[in-house]
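Asks: The structure that follows is given in the form of structure tokens.
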Amino acid sequence: RVCADPHDASFSFSLKEEAFFVIGMHRDSSRASRRFRYPTLVFNPHDQFVKLRAANQYKRLQQIVRKRDIAYSGSVNPMLDDFGNRSETYQYSGRCYDGSWKCPLKIHHGKP
């Protein structure tokens with residue numbers, strides 16, 4: 001389970017209690033690896049990361065992805081972090097945010 005508070009370190013976007021790591025892409029992204037002709041959201045289920053960790057393959061795949069990011073974008077996305085270290089909201093867009101940024105997402109869970 002993940003937290004519904006977007007400011008909490010264990011927050012993750014979720015639909016019907018299924019957690020996802022979301023990547024936002026658009027043509028004007030500051031990161032080359034996040035540029036796409038149309039505004040796009042990519043949903044990666046958390047379960048795939050859990051399975052990779054259980055199979056001791058997560059770190060290897062993480063290293064491959066970050067190496068490719070360096071080759072393509074010139075650097076690793078500075079906002080990347082491991083789940084639980086801080087809210088995933090910082091990672092969704094690929095932009096660099098300073099310490100004063102607050103996620104504008106408000107979750108009401110059926111409340112008016």
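Asks: When the residues of region 30-69 are filtered to those that are of a type in the set (Phe, Trp, Tyr) and touching a helix residue (DSSP H, G or I) at 6+ places or on another chain (Cβ under 9 Å), which remaining residue is modelled with the lowest pLDDT?
Replies: The residue in question is 49.
Asks: Against the conditions (1) outside any helix (DSSP H, G or I); (2) within 23 Å of residue 2 (Cβ to Cβ), where does residue 91 fall short? Just the number, please.
Replies: Just one mismatch for residue 91, condition (1).
Asks: What's the total number of residues in region 9-35 that are loosely packed, with under 14 Cβ neighbours inside 10 Å and in a loop (DSSP other than H, G, I, E, B)?
Replies: Residues in region 9-35 being loosely packed, with under 14 Cβ neighbours inside 10 Å and in a loop (DSSP other than H, G, I, E, B): 6 in total.
Asks: Which of the following residues is loosely packed, with under 15 Cβ neighbours inside 10 Å and under 20 Å from residue 5 (Cα atoms): 85, 56?
Replies: Every option except 85 fails the conditions.
Asks: Could you list, in sequence order, the residues of region 1-55 that are among the basic types (Lys, Arg) and more than 21 Å from residue 87 (Cβ to Cβ)?
Replies: 27, 35, 37, 51, listed by residue number.
Asks: Select from region 33-69 the residues that are touching a His at 6+ places or on another chain (Cβ under 8 Å) and farther than 18 Å from residue 88 by Cβ and list them in ascending order.
Replies: Within region 33-69, 35, 36, 38, 39 qualify.
Asks: Identify the residue in region 70-80 that is assigned to a helix (DSSP H, G or I) and hydroxyl-bearing (Ser, Thr, Tyr) and, among all such residues, is farthest from residue 92 (Cα to Cα).
Replies: Our first condition is that a residue be assigned to a helix (DSSP H, G or I); within region 70-80, this holds for 70-73.
Filter once more, keeping what is hydroxyl-bearing (Ser, Thr, Tyr): 72-73.
Details: 72: 18, 73: 16 Å.
Among those residues, the one meeting the criterion is 72.
Asks: Answer yes or no as to whether residue 77 is loosely packed, with under 12 Cβ neighbours inside 10 Å, closer than 25 Å to residue 4 by Cβ and not hydroxyl-bearing (Ser, Thr, Tyr).
Replies: It is false that residue 77 is loosely packed, with under 12 Cβ neighbours inside 10 Å, closer than 25 Å to residue 4 by Cβ and not hydroxyl-bearing (Ser, Thr, Tyr).
A quick yes/no check of all residues on (1) under 27 Å from residue 99 (Cα atoms); (2) of a type in the set (Ser, Thr, Tyr); (3) over 13 Å from the mean Cα position of the chain (by Cα):
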{"residue": "3", "(1), (2), (3)": "yes, no, yes"}
{"residue": "10", "(1), (2), (3)": "yes, yes, no"}
{"residue": "17", "(1), (2), (3)": "no, no, yes"}
{"residue": "31", "(1), (2), (3)": "yes, no, yes"}
{"residue": "34", "(1), (2), (3)": "yes, no, no"}
{"residue": "53", "(1), (2), (3)": "no, no, yes"}
{"residue": "56", "(1), (2), (3)": "no, no, yes"}
{"residue": "77", "(1), (2), (3)": "yes, no, no"}
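The values are calculated or read from the model by the stated rules, or taken from the named source; none is laboratory data. Not measured: the values here are computed from a predicted model. Ideal geometry is used to build each Cβ from the backbone, glycine not excepted, and the neighbour counts take in all protein chains shown.
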